[in-house]
Amino acid sequence: MTIIRDQNAIAEASTADLLETYNAYTGKNITRFSSRAAGEVQVVNSILAATDASAHAGVPKGSAPRPRTLEELADLKPKQPTEKESTKMATATAKKAARAATAKPKTPKVAGTLKPRAVFTRVKFIDNKEHKPHEGSTRFALISALRKRGEASLEQLAKDTSLEAPKVRGNVLALISLGWAVPA
């Protein structure tokens, strides 16, 4: 019996080899799989998960790491790019610099700043027959307050409806978009 080290050899391996491989990689001692397909999946997963202390893949649990040779360590050094690769990198760097030179300067973002938006403090009532808010809703209360006054500031609407200012502003913006009010 042999321990399988390559996922491609799993399909041709015997069930006994699959069991031995699975037990070697996981440190378990099972005697059978629920099915051949399940066994193949478990062996694939155990091969992928098996690593030693140096993170070498495909090493059974509990085995000591194998020291690397000088040749292996030399292979780990980053390779120098080929002439084609270095030309490609230089071109990409030049394109990036050109884009940066022609781009608009970005304004620095300051924490706590908001996007600019239309500023209004007063709104005027317009009777809109198409859209009718539900009675008892926040928008209905704002429309009723606007109907009484004709034109009102956001502070006055907040007082009349006993709503918070941000809620009044948001709902008034919705009323403007629905055609019930216009900024005055």
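In the condition set (1) out of contact with any Ser or Thr (no Cβ under 7 Å at 6 or more places or on another chain); (2) crowded, with 16+ Cβ neighbours inside 10 Å, residue 145 is compliant with all but (1). The residues of segment 125-164 that are part of a loop (DSSP other than H, G, I, E, B) and farther than 16 Å from residue 183 by Cα, listed by number, are 129, 130, 131, 132, 133, 134, 135, 136, 137, 162, 163, 164. Among residues that are of a type in the set (A, V, I, L, M, F, W, C), surrounded by 15 or more Cβ atoms within 10 Å (Cβ to Cβ) and either outside any loop (DSSP other than H, G, I, E, B) or at pLDDT below 85 (or both), residue 119 is not included. Filtering segment 157-168 to residues that are surrounded by fewer than 17 Cβ atoms within 10 Å (Cβ to Cβ) and not acidic (Asp, Glu) leaves 159, 162, 165, 166, 167. Residue by residue through segment 21-45, note down the ones that are free of Cβ contacts under 8 Å to residues at least 12 places away in the same chain and part of a helix (DSSP H, G or I). Result: 23, 37, 38, 41, 45.
The values are calculated or read from the model by the stated rules, or taken from the named source; none is laboratory data. All values reported here derive from a predicted model rather than from experimental measurement. For neighbour counting, all protein chains shown are included, and Cβ atoms are generated from backbone atoms with ideal geometry for every residue, glycine included.
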